[in-house]
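The values are calculated or read from the model by the stated rules, or taken from the named source; none is laboratory data. Not measured: the values here are computed from a predicted model. Keep in mind that these areas ignore ligands, DNA and RNA; they rest on the heavy atoms of the full protein, side chains included. Shrake-Rupley method; radii C 1.70, N 1.55, O 1.52, S 1.80 Å.
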Amino acid sequence: MSHSICRTKAVVSTQSTGVSESVANYKIGPLCHARWLTLQSRIVRAFFSVTDKALLTKLRKLTSYIIHIYFPLHMYIKFKSSVVDGPHNLFKEIGLIKDFVCSKSEKQLLLNVLSNNCFFAHPHCILVSMVGDKNFEIRKRAIDMILCIRTSNVNSISYYLPDLNFKASNYYEMCTMKLIDNRWMYLNKFNSYVLITEPPLLKNLNLDDYLNTPFVSTVPCHTQSVERKQWYQRRVRGPLCHARWLTLQSRIVRAFFSVTDKALLTKLRKLT
């Protein structure tokens, strides 16, 4: 049985009043440290089989996080996997953490991790998402901003993580953007304002086309890309240390010169 089906049934069973015998007897398979999904399934499975109270207390925190935050967010991203949806996914995660994490210290720990990895809160991503928004007013606002940015004629890009606004009421408020001296600036995590440049994904596009039709992109957000790469890696890995990319990298290059199967060779060529 696939990890996705196993995980879904395990989470649903944990939320219900009882666990069926078929769910209790699931064989999850070998642990892959590169994939949190496998470990997550094992934690949920262990939660309704462990009898030790001390271990059960520790598992309860992890299981609560999986059920209330990780699993709903994972499924949310599966249905909203485009790069246009990236800021929406980040905003969704912030909301789930605020709603379901009661401990102030644990909540702050999770928000600090988001603050250090808030790439989808960068103006480049937010503007792309705004141009792809179904709301006309939001699209118009983003297009006006980008047209103003184009007049600045700035070619160099200074990339800084933004100062993530956890009090935002919408995804486009996660980053503080202001018009200063007729130039759009954003507040970075060093508490200084930096010039906003045009999002590379929208560069040289006729933005008037998106006044009536939202921008659509087939470029996946990073979570989907990571899963695809991990799928390729699993095809060529052996008994190796999954936490060390160098070991895996050497095996991939070595396999490229020895594999004869054309289908596998095509996939290995991408990684090599």
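Computed with every protein chain present, the accessible area of Cys175 is close to 10 Å² [probe 1.4 Å]. Placing His68, His124 in order of accessible area, with the largest value first and a 1.4 Å probe, yields His68, His124. Protein heavy-atom surface of the range 58-123, 1.4 angstrom probe: 61% of the accessible area is carbon and sulfur, with nucleic acids and ligands not counted. By the rule of a C-alpha distance below 29 Å, with chain neighbours fewer than 8 residues away ignored, the lysines paired with Lys58 are Lys9, Lys27, Lys78, Lys92, Lys98, Lys104, Lys107.
Straight-line cross-link reach from Lys134 at under 17 Å between alpha-carbon atoms covers these lysines, not counting any fewer than eight positions away in the same chain: Lys80. With a/c under 1.5 counting as rounded, go ahead and sort the range 105-196 into rounded, prolate or oblate using the C-alpha gyration tensor (a ≥ b ≥ c being the square roots of the eigenvalues; past the cut-off, prolate if a/b is larger than b/c, else oblate). Oblate.
Using a probe of 1.4 Å on the protein chains alone, the accessible area found for Glu173 is around 70 Å². Provide the solvent-accessible area of Arg183, counting protein heavy atoms only and rolling a 1.4 Å probe, rounded to the nearest 10 Å². Using a 1.4 Å probe on the heavy atoms, I get roughly 110 Å². Per residue, the range 41-188 exposes 53 Å² of solvent-accessible protein surface, assessed with a 1.4 angstrom probe and all protein chains in place.
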